[in-house]
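Here's the structure, in structure tokens; my notes come after.
The values are calculated or read from the model by the stated rules, or taken from the named source; none is laboratory data. Model, not experiment: these values are computed from the prediction. So basically every Cβ, Gly included, is an ideal-geometry build from the backbone, and we count neighbours across all protein chains shown. SASA here: full protein model, heavy atoms, side chains in, ligands and nucleic acids out. Shrake-Rupley method; radii C 1.70, N 1.55, O 1.52, S 1.80 Å.
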Amino acid sequence: MVEQTGTDLAGLRRSPLAHLAETLEQVSAGSDSVTVREIPFLNMVGIRVDPDSAVASTLAGITGVGWPSAHGEVTGAVGDSAVLWLSPDEFLLVTEDAVELPPGLDGSPDGALPTISTHPLTVRLVAAMADSGQPGQVVDLSANRTTLEISGPHARDVLEKGCPMDLHPRAFPVNTAVSTTLGPVQVMLWRTHEDTWRLMPRSSFAHFVAQWLLDAMTEFTATPVS
Amino acid sequence: MLLIECPYCGPRDETEYHYGGEAHVPYPEDPAALTDRQWGEYLFYRRNTKGLLAERWVHTAGCRKWFNVVRDTATYKVQSVYRLTDPRPSTGGAL
Ligand SMILES: [Zn+2]
């Protein structure tokens with residue numbers, strides 16, 4: 001069994017919305033004003049730390065991204081490394097997917113216990129947190145949420161059907177991210193470009209959120225009655 | 001719908017919060033020394049104020065922080081919002 005898991009971890013993964021990928025693609029293809037897709041397996045790291053502490057500087061040195069200082073702020077860049085503000089002492093680092101077998105899972109003799117993360121950056125951050133001896137927390141949360149990307153000139157209209165936040169650009173400019181609700185579901189909502197938004201629901205809510213979006217998109221995707 | 005201003009996130013709809021009951025109910029210094037009646041009163045007895053009441057709220061769908069709100073229980077008007085580390089605001093002796 002060990003041999004099987006040790007070869008291709010990435011290939012064994014199945015994203016929370018894999019079963020809807022085809023549906024999302026078909027519906028999106030039928031609209032020129034709003035599209036939706038899953039961006040699976042983004043690396044997400046939950047970091048709880050006092051942003052003024054020494055260990056916070058150490059961690060920022062590893063991520064290469066400073067800490068956002070207020071509600072809604074995002075530092076870094078989408079598609080690279082970005083840090084989202086969750087609360088005054090809680091942050092979410094989002095980076096691209098990468099899978100590297102840690103010592104202990106790769107068959108090498110070193111490493112007594114395998115780390116619980118397979119992302120090299122996360123492994124370095126966890127180690128730096130542990131070595132610091134300071135209060136704080138670095139946890140691989142990649143499987144906690146998946147990411148839905150909704151884009152197009154009507155994307156905001158769709159989100160406004162179920163989100164209590166003011167999503168107008170004057171209140172919610174590009175590169176703002178907040179924790180809020182869509183319908184009854186708690187999500188992270190991140191405006192990555194003028195007409196492009198990322199929704200990050202917890203994995204077990206992803207199917208509901210996707211179906212909610214498909215329903216809310218109907219007026220922009222359905223074939224008009226002639 | 002109440003619009004409550006989280007001290008960390010700003011104004012959000014009531015649906016993003018959960019209510020935590022009356023604030024400033026001190027935990028007994030020596031719980032084991034309490035009689036059953038005293039323990040029961042600590043757990044369950046509240047002022048049930050009509051008017052200004054200091055109460056706890058948590059921003060469940062946002063920053064997940066607890067904070068205090070002074071709210072009029074008759075009109076629902078929120079008078080002030082303050083962090084757990086902030087001093088209790090004066091309410092003219094109404095609390
Ligand atoms: Zn908040």
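The table below lists the values:
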quantity: Cα→Cβ-extended label distance, 7 Å offset, between A:Lys161 and B:Thr60, nm; calculated: 2.5
quantity: Cβ-derived FRET efficiency at R0 56 Å, B:Tyr45 paired with A:Asp8, nearest 0.05; calculated: 0.35
quantity: Cα-based reach from A:Lys161 at 13 Å (exclusive), listing aspartates and glutamates while leaving out same-chain residues under 8 positions away; calculated: A:Asp215, A:Glu219
quantity: Exposure ranking of A:Leu9, B:Leu3 by accessible area [1.4 Å probe, largest first]; calculated: B:Leu3, A:Leu9
quantity: Three-way shape call for region A:1-98 based on the alpha-carbon gyration tensor, with the a/c threshold at 1.5; calculated: oblate
quantity: Per-residue HN-Hα couplings for region A:127-140 [Karplus 6.51, -1.76, 1.60; θ = phi - 60°; Hz; x = Gly/Pro]; calculated: 5, 5, 5, 5, 5, 5, x, 9, x, x, 8, 10, 9, 6
quantity: Accessible surface, the protein assembly as shown, averaged per residue in Å² (probe 1.4 Å); calculated: 53
quantity: Modelled FRET efficiency - R0 35 Å, A:Gln134 with A:Glu73, Cβ distances, 0.05 increments; calculated: 0.90
quantity: Region A:134-226 - Kirkwood radius from inverse mean 1/r over Cα pairs (Å); calculated: 14.2
quantity: Distant-in-sequence amide H partners of A:Ile39 (H built 1.01 Å from N, under 5 Å); calculated: A:Thr147, A:Leu148, A:Glu149
quantity: Gyration tensor (Cα) of region A:36-75, equivalent ellipsoid semi-axes in angstrom; calculated: 24, 13, 9
quantity: Size of electric dipole in region A:136-226: Cβ of Lys, Arg +1 and of Asp, Glu -1, about Cα centre, debye, nearest 20; calculated: 220
quantity: Straight-distance crosslink candidates among lysines, where the alpha carbon sits under 18 Å from B:Lys50 and sequence neighbours closer than 8 are dropped; calculated: B:Lys77
quantity: ³J(HN,Hα), Karplus 6.51/-1.76/1.60, whole Hz, each residue of region A:9-21, x for Gly, Pro; calculated: 4, 4, x, 7, 7, 10, 6, x, 10, 4, 6, 10, 4
quantity: Long-range amide H partners of A:Cys163 with built H, under 5 Å; calculated: A:Gly183
quantity: Part-to-part distance (alpha-carbon centres) for region B:1-23 and region A:37-52, which is given in Å; calculated: 25
quantity: Shielding score for A:81-93, defined as the mean number of other chain Cβ atoms within 10 Å; calculated: 2
quantity: Average partner coverage of B:5-18, which counts Cβ from other chains inside 10 Å; calculated: 3
quantity: Average beta-carbon neighbours from other chains, 10 Å sphere, peptide A:179-185; calculated: 4
quantity: Solvent accessible area, Å² - B:Glu5, 1.4 Å probe, full protein context; calculated: 110
quantity: Semi-axes of the equivalent ellipsoid for chain A, Cα gyration tensor, largest first, Å; calculated: 34, 23, 12
quantity: Longest DSSP-loop-exposure-free segment, trypsin sites (Lys or Arg not before Pro), chain A, at most 11 other Cβ within 10 Å; calculated: A:15-169
quantity: B:His18 - accessible surface, heavy atoms, 1.4 Å probe, Å² rounded to 10; calculated: 110
quantity: Cα-based Kirkwood hydrodynamic radius, chain B, one decimal, Å; calculated: 14.5
quantity: With all protein chains modelled, accessible area of A:Asp80 [1.4 Å, Å²]; calculated: 100
quantity: Under-5 Å amide H pairs with A:Val187, H placed in peptide plane, nonlocal only; calculated: A:Thr180, A:Thr181, A:Leu182
quantity: Cβ-isolated cysteines (cut-off 4.7 Å), the protein assembly as shown; calculated: A:Cys163, B:Cys63
